[in-house]
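Everything on this sheet refers to the single structure shown next.
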């Protein structure tokens, strides 16, 4: 295992043919890429596809020693994520054949999204002040923007954000969140 | 926020605030701030774990908002959007001072009361739910209003309504002044008839 290695150590080792370093890079970067994918693609399966495609590209680059500054690995991965999301949006499954061949080996089990107690969450939301509850429901129902919610409430977007932050803070406390 | 520490350990000396993570998830950050968050997340598993908690809360709230089970004041735009996205919205709009016969079906998704009212002279408005004897069962204090809206739209919990026996409820919109005195703005009576088969969730009041 190469768990003691820094991100910057991984690139040169992979270029030197260290397969364990490859596995460690995938184990480490996979969950981070998946979070990026969840945020930008809004779909767990699309996020999994992104993980596969990005890891393929990054591994290929590292094996051929194309990453000149090893301490910029995270930037390289992030840049590859961005380019791949753009590609995915342009044409969904251009690399499908590659994924069928290699994809299954590349995706480490991602850390699960924590499960919430739905009933407790409902109780916590119902305990919010009316204005806060309205903001929360309209924000999260379909990720309505602060501008749309502000128009309804007749207040500024900044105020909507303040109300939303306050409500989320209360909900986290009510749910016993650890963050 | 830092992007300097190494990947691996699940702690973070300079964690991203939960509010910032929520804004990031909601795509509500300016692009420069989003760039900073993404660089940080690409090196920090501790903040990645925290983002997963934020996503869990956001997804829980989304499911809850779509369940129709909350009692909440909403916008006309919200109701329209819900209907456009395929939700079955049952809506009642009794004129001020009048009553309406209403029910709810098993396949309804949202239940909405549209209460026509003049709000131009009110700064704080409460929505009180009473039984026919005038006994208040619930008060939604200081509901969000817009003076020019001409109505208050309240989503009633569909879960509650589907379990409810045949009953009459009265909605009262009251303006509250600085001294705490109340002024009735409108009263609306809902004669609910249970049409869903099976026993109600509780007895008739």
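The values are calculated or read from the model by the stated rules, or taken from the named source; none is laboratory data. Because the structure is predicted, anything quoted here is derived from the model rather than measured. For neighbour counting, all protein chains shown are included, and Cβ atoms are generated from backbone atoms with ideal geometry for every residue, glycine included.
Return yes when residue B:174 is surrounded by 16 or more Cβ atoms within 10 Å (Cβ to Cβ), over 17 Å from residue B:91 (Cβ atoms), assigned by TED's automatic domain parsing to the domain that holds residue B:94 and touching a strand residue (DSSP E or B) at 6+ places or on another chain (Cβ under 8 Å) and no when it is not. Yes. Screening residue B:20 on (1) more than 30 Å from residue B:139 (Cα to Cα); (2) surrounded by fewer than 16 Cβ atoms within 10 Å (Cβ to Cβ); (3) touching a helix residue (DSSP H, G or I) at 6+ places or on another chain (Cβ under 8 Å) shows it passes everything except condition (2). For region A:40-77, what are the residues that are more than 11 Å from the chain's Cα centre (by Cα) and closer than 19 Å to residue B:31 by Cα? Answer for region A:40-77, where residues must be more than 11 Å from the chain's Cα centre (by Cα) and closer than 19 Å to residue B:31 by Cα: A:74, A:75, A:76, A:77.
Determine which member of the set B:65, B:27 is surrounded by fewer than 17 Cβ atoms within 10 Å (Cβ to Cβ), within 29 Å of residue A:161 (Cβ to Cβ) and modelled with pLDDT under 95.
Only one candidate qualifies: B:27.
With respect to the conditions (1) surrounded by fewer than 20 Cβ atoms within 10 Å (Cβ to Cβ); (2) touching a residue at least 12 places away in the same chain (Cβ under 8 Å), residue A:82 falls short on a single one, namely (2).
Residue B:146 - would you say it is part of a strand (DSSP E or B) and under 28 Å from residue A:136 (Cβ atoms)?
No.
Checked across region B:150-169, the condition of being away from chain A (no Cβ under 14 Å), part of a loop (DSSP other than H, G, I, E, B) and more than 20 Å from residue B:71 (Cα to Cα) holds for no residue. Only a single item in (1) on the phi < 0 side of the Ramachandran plot; (2) more than 16 Å from the chain's Cα centre (by Cα) is not met by residue B:156, and it is number (2).
If you go through region A:125-135 and pick out every residue that is under 13 Å from residue A:162 (Cβ atoms) and buried (at least 24 other Cβ atoms within 10 Å of the Cβ), you end up with 1. Checking each residue in region A:142-159 for being surrounded by 20 or more Cβ atoms within 10 Å (Cβ to Cβ) and closer than 16 Å to residue B:25 by Cα picks out A:144, A:146.
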